[in-house]
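Undergrad: Have a look at this one.
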Amino acid sequence: MNIQKAGYHGLYFPELKIALDGYHPDADFVFISHAHADHMPRNRSASVHATPATLGLMELRGFRGRSNPINFHETLDTGRCTVCFFPAGHILGSAMIHIESDSGTLLYTGDYRTPPSPASEGFAAPESVDYLITEATFSLPIYKWKSHEELAEEIRNFAKDSLEDEHTPVFLAYNLGKAQEIMHMLASLGYPMMIHGAGYKLCSVYEKFGYDLGNYSAYDRATCEGNILITPASALSNGFASNVSKKRIAYCSGWAALESRQTQLTVDKLIPLSDHLDFFELIGFCQRLSPKKVFITHTPNPDVVQHYLQKSGIDASFLQLEAPSEE
């Protein structure tokens, strides 16, 4: 199977003339798995196919190209292959891309989460494939997640306990996906929330697709004290809520499984809430699909995943996607 780079993290299949999560000038079709920046094409005026929610989020993040919506489980015939989207459970609109051609069947996961994020359309996959291209962000056995119910309880308790102690709770989370998942978990409490401005504008797409994000508004420095605050960690160094003297900070990420993050970030609590699947779900998913070949991407260390898969009789290798930025 001939797989080439397309932009920064994207793929190009020259025989099929399709690109995934990146732009290639020779591609007849470009398919986008979800709206995180590292999966959007750097060519913001390209013609792309994605789910309606992903296209809505992409447009709010600066995409100005032609949008071609594809619903989950809908099939598109390109003339060289057929393409179908499966819900990936990562963030709203996220899709795994299934391709069927004369070379066999292939599933490209993009970023995915099973069990799925409660602020996503769920998770579904084909019964089997010939080839699997999977991310392995959390590629070591130390990464085993608690249930969403347990994590949601931790998040709600942190917010309630902080407010009862007259401290402003601050959740550190990426502006797209994680922030809205936390808001969805907190919605039932009814407390006022403020979200970083870049994340605020994306919330409208979640609400359009029926997700309750609770009682929220855009972050206002002058009135933020006493609200539940949600922001990316990078904003703290730019003065986010620096005027609030009594606050407690929770870092929400799969990387919170590493206790060293508490001192690195100077936070009060680590909550290992990830929008990626854990190591054991990754291995189990590969075993269930039983492909002829697994290509491992987006990982700091593919060796352990490759070792476990090969012990299961699954041929696996690392597929290097990163390329120099086009900008």
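Undergrad: Residue check: is residue 226 free of Cβ contacts under 8 Å to residues at least 40 places away in the same chain and farther than 30 Å from residue 307 by Cα?
TA: In short, no.
Undergrad: If you scan segment 63-79, which residues turn out to be without any contact (Cβ under 8 Å) to a residue 60 or more places away in the chain and under 21 Å from residue 45 (Cα atoms)?
TA: The answer is 63, 64, 65, 66, 67, 68, 69, 70.
Undergrad: Go through segment 144-181 and report how many residues are in contact (Cβ under 8 Å) with a residue 40 or more places away in the chain, of a type in the set (S, T, N, Q) and within 25 Å of residue 93 (Cα to Cα).
TA: Going through segment 144-181 one residue at a time, the tally reaches 2.
Undergrad: For segment 217-249, which residues satisfy the criterion of being part of a helix (DSSP H, G or I) and of a type outside the set (Val, Ile, Thr)?
TA: Answer for segment 217-249, where residues must be part of a helix (DSSP H, G or I) and of a type outside the set (Val, Ile, Thr): 221, 222, 233, 234, 235, 236, 237, 238.
Undergrad: While we're on this one: Counting just the residues of segment 259-294 that are part of a loop (DSSP other than H, G, I, E, B) and of a type in the set (Ser, Thr, Tyr), which one comes out surrounded by the fewest Cβ atoms within 10 Å (Cβ to Cβ)?
TA: Among residues in segment 259-294 that are part of a loop (DSSP other than H, G, I, E, B) and of a type in the set (Ser, Thr, Tyr), the one surrounded by the fewest Cβ atoms within 10 Å (Cβ to Cβ) is 266.
Undergrad: Just one of the numbered conditions (1) within 21 Å of residue 138 (Cα to Cα); (2) without any contact (Cβ under 8 Å) to a residue 60 or more places away in the chain; (3) in contact with a Lys or Arg (Cβ under 8 Å, 6 or more places away or on another chain) is not true of residue 243; which one?
TA: Tallying (1) within 21 Å of residue 138 (Cα to Cα); (2) without any contact (Cβ under 8 Å) to a residue 60 or more places away in the chain; (3) in contact with a Lys or Arg (Cβ under 8 Å, 6 or more places away or on another chain), residue 243 fails exactly one: (1).
Undergrad: Still on this structure: Any idea how many residues of segment 28-45 are farther than 20 Å from residue 111 by Cα and surrounded by 23 or more Cβ atoms within 10 Å (Cβ to Cβ)?
TA: 0
Taken together, the values in this text are just the output of simple stated rules run on the coordinates, not laboratory data. As the structure is a computational prediction, the values presented were derived from the model and not from experiment. All Cβ positions, even for glycine, are placed from backbone atoms using ideal geometry, and neighbour counts span all protein chains on display.
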